[in-house]
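A.B. asks: Input: one structure, supplied below.
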Amino acid sequence: MSGRARRRDRRVYLESHPILFTLLAATRGRDVTRLGRTVLVHGTEAYRAALTRVPLDRTATGTTGGAAGELAGAGALFDQEGDEHRGTRRDTAAMLGAAGVAKLRPIWMKLLDDRLPVLGAGGPVDLVPLTAEIAGATTAELLGIDVDPVRLAEAARTAAAAAAREHLPGPRNPRAAAAASAAADQLLDLVAPRTPAEAGLNAMLAVAAINTTVAALPRAAAWACDDDLWDHADNPALTEELLRVTAPTPLLPRVAAADSELGGCPVRPGDKLMLIARHAAEAHRRDPDPVEPAPARTAQLVFGVGSHACPGAALARAQLSDLLAALAPYRPVVVRARADRRSALPGWRSLVVRGTATS
């Protein structure tokens, strides 16, 4: 492999969150590192333990659950506990399971069929707006709402970016909170909830589904282009490997709720845990290999584990698998890429590919 794919993908980290990811790179030599009241968790087993054995405060500021509460109030799956959390997670997993994916698949397949044939004549396609439309249309169908998919995708991406800026390390921008609140209100208007509980769940599902899709699919496609992996496009292992190395949600912020221990490091209530999914899944040291892939137990870590596993994993795998299969006949190459400096997750603002296998 040429290394070009890894160098290109590294740009999305260094250009979107340079300070944060420089810190993470500098500390990844140890499985667990404490910096004041923050515990950085890089190691595979320590990461797994943090999600399965450490009691977590699901509503703390700066966590996913805390962001859910700020976005739309309580009751958004990410901030629930006990039976309520398990019940909501079961319902969400059912919507996003095999039957749910089969119901949703025609939505993105139609968009791929409509948008990609221009590659057959050597034309260009920007994969970022295409995946944003796919994400918006899929999410609208999932939530049962009648809304323009491009508008929904933009609202969810804006809300996530505004919330992320408010919680980045460093001095607070006095306008960040107001911007985050305005973006959340715009998103809530679009998802049209009937009850406050639906508001939280719908908004957070939209934010999670849309932002991870727009981050993941173009990055994975760029890697396939740069390493010329198109001969393996029909191999499910390629999908798993590309999701592993791109780690669409590379960092999971959590807060400990009780005394514990990770990799020999004591953890106290209130400690902020920065769980580095990218490093736990060995994305930083092991290139994607569809012939000899990483163990499934390792690859799964980018979606979390146990009760904290992402219920949308099957949907993400299906969308990426279908995108790779649709692109492969054209053997595209990247002709222009621009990182998104404002997005909540590391990703491309524009990723233009051109077909090389012309008809």
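The values are calculated or read from the model by the stated rules, or taken from the named source; none is laboratory data. Here the structure is a predicted model, which is why all the values come from computation and not from measurement. FYI the Cβ positions are ideal-geometry reconstructions off the backbone, even for glycines, and counts take in every protein chain you see.
A.B. asks: Which pairs have Cβ atoms under 8 Å, sit 6 or more apart or on different chains, and link a residue in the range 140-155 that is surrounded by fewer than 21 Cβ atoms within 10 Å (Cβ to Cβ) to one that is outside any helix (DSSP H, G or I) and not aromatic (Phe, Trp, Tyr)?
C.D. replies: These pairs meet every condition: 145/192; 147/192.
A.B. asks: Among (1) farther than 20 Å from residue 60 by Cα; (2) modelled with pLDDT under 95; (3) part of a loop (DSSP other than H, G, I, E, B), where does residue 249 come up short?
C.D. replies: Among (1) farther than 20 Å from residue 60 by Cα; (2) modelled with pLDDT under 95; (3) part of a loop (DSSP other than H, G, I, E, B), residue 249 violates only (1).
A.B. asks: Please determine, by comparing only the residues of the range 205-253 that are under 30 Å from residue 55 (Cβ atoms) and of a type in the set (Ser, Thr, Tyr), which one is surrounded by the most Cβ atoms within 10 Å (Cβ to Cβ).
C.D. replies: The qualifying residue surrounded by the most Cβ atoms within 10 Å (Cβ to Cβ) is 212.
A.B. asks: Also: Select from the range 1-14 the residues that are of a type outside the set (A, V, I, L, M, F, W, C) and over 17 Å from the mean Cα position of the chain (by Cα) and write down the one among them that is surrounded by the most Cβ atoms within 10 Å (Cβ to Cβ). Quick ask: steps written out before the conclusion?
C.D. replies: Of all residues in the range 1-14, those of a type outside the set (A, V, I, L, M, F, W, C) come to 2-4, 6-11, 13.
Now narrow it down to the ones that are over 17 Å from the mean Cα position of the chain (by Cα): 2-4, 6-8.
Details: 2: 9, 3: 10, 4: 15, 6: 17, 7: 10, 8: 19.
Here the residue is 8.
A.B. asks: Identify, from the list 254, 285, 349, the residue that is at negative phi and without any contact (Cβ under 8 Å) to a residue 60 or more places away in the chain. Before you say what the answer is, go through the steps one by one.
C.D. replies: Working: 254 fails: without any contact (Cβ under 8 Å) to a residue 60 or more places away in the chain; 349 fails: without any contact (Cβ under 8 Å) to a residue 60 or more places away in the chain.
Just a single option satisfies the conditions, and that option is 285.
A.B. asks: Also: Which residue is nearest to residue 238 (Cα to Cα), if the candidates are limited to the range 257-266 and must be in contact (Cβ under 8 Å) with a residue 24 or more places away in the chain and surrounded by fewer than 21 Cβ atoms within 10 Å (Cβ to Cβ)?
C.D. replies: Within the range 257-266, the first condition is being in contact (Cβ under 8 Å) with a residue 24 or more places away in the chain, and the residues that meet it are 257-258, 260, 262-265.
Still in the list and also surrounded by fewer than 21 Cβ atoms within 10 Å (Cβ to Cβ): 257-258, 260, 263-265.
Working: 257: 38, 258: 39, 260: 37, 263: 31, 264: 35, 265: 35 Å.
Taking the candidates together, the pick is 263.
A.B. asks: Given the condition within 20 Å of residue 262 (Cβ to Cβ), part of a loop (DSSP other than H, G, I, E, B) and modelled with pLDDT of 65 or more, answer yes or no: does some residue in the range 13-23 qualify?
C.D. replies: Scanning the range 13-23 turns up no residue that is within 20 Å of residue 262 (Cβ to Cβ), part of a loop (DSSP other than H, G, I, E, B) and modelled with pLDDT of 65 or more.
A.B. asks: Residue pairs, Cβ under 6 Å, 6 or more apart or interchain, first in the range 271-282 and within 17 Å of residue 261 (Cβ to Cβ), second of a type in the set (S, T, N, Q) and not in a helix (DSSP H, G or I). List them.
C.D. replies: Correct list of pairs: 272/38.
A.B. asks: Being farther than 15 Å from residue 51 by Cβ, buried (at least 16 other Cβ atoms within 10 Å of the Cβ) and within 21 Å of the chain's Cα centre (by Cα) is true for just one of 281, 296, 326, 337. Which residue is that? Talk me through it step by step, then tell me what you get.
C.D. replies: On the way: 281 fails: farther than 15 Å from residue 51 by Cβ; 296 fails: buried (at least 16 other Cβ atoms within 10 Å of the Cβ); 326 fails: within 21 Å of the chain's Cα centre (by Cα).
Matching residue, one of 281, 296, 326, 337: 337.
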